[in-house]
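Contents: one structure, followed by commentary.
The values are calculated or read from the model by the stated rules, or taken from the named source; none is laboratory data. Just so it is clear, the structure is predicted and the values come from calculations on it, not from any experiment. Glycine also receives a Cβ, built like all others from the backbone with ideal geometry; neighbour counts cover every protein chain displayed. For accessibility, only protein heavy atoms count, side chains too; no ligands or nucleic acids. Shrake-Rupley method; radii C 1.70, N 1.55, O 1.52, S 1.80 Å.
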Amino acid sequence: MYFTDRGIEELEKRRGEEQITFEWLAEQLRTFVDLNPDFEVPVERLATWLARLDDEDEE
């Protein structure tokens, strides 16, 4: 288990039943990066990865 799995498990446990929009998620990611600029690159990579999940060209 990676250390980050703890955070993912907490997210799932606390908010797993909620439904959100990608617009809401994008705003939360922007806020997070504003508060934690050192995480700009990892957040950008995660957002790009999520945006391109269905791209057949990337596989």
Extension gain (nm, one decimal) between Glu44 and Phe22, 0.36 nm per residue minus Cα-Cα: 6.5 nm
1.4 Å probe accessible area per residue over the chain, in Å²: 104 Å²
Dipole moment magnitude, nearest 20 debye, the chain about Cα centre, only Lys, Arg, Asp, Glu C-beta charged: 400 debye
Among Leu29, Leu11, Leu46: highest mean-square fluctuation, GNM of the chain, C-alpha pairs under 10 Å: Leu11
For the chain, built as a Gaussian network whose Cα springs stay under 10 Å, the top-fluctuating residue of Glu12, Glu44, Glu23: Glu12
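Helix-only mean residue ellipticity at 222 nm, the chain, DSSP H runs n ≥ 4 weighted -39,500 (n - 2.57), per residue, nearest 500. What is it? Each step should come with its number before you reach the end.
On the way: 3 runs with 38 residues, N = 59.
The helix-only estimate for the chain comes to -20500 deg cm²/dmol at 222 nm.
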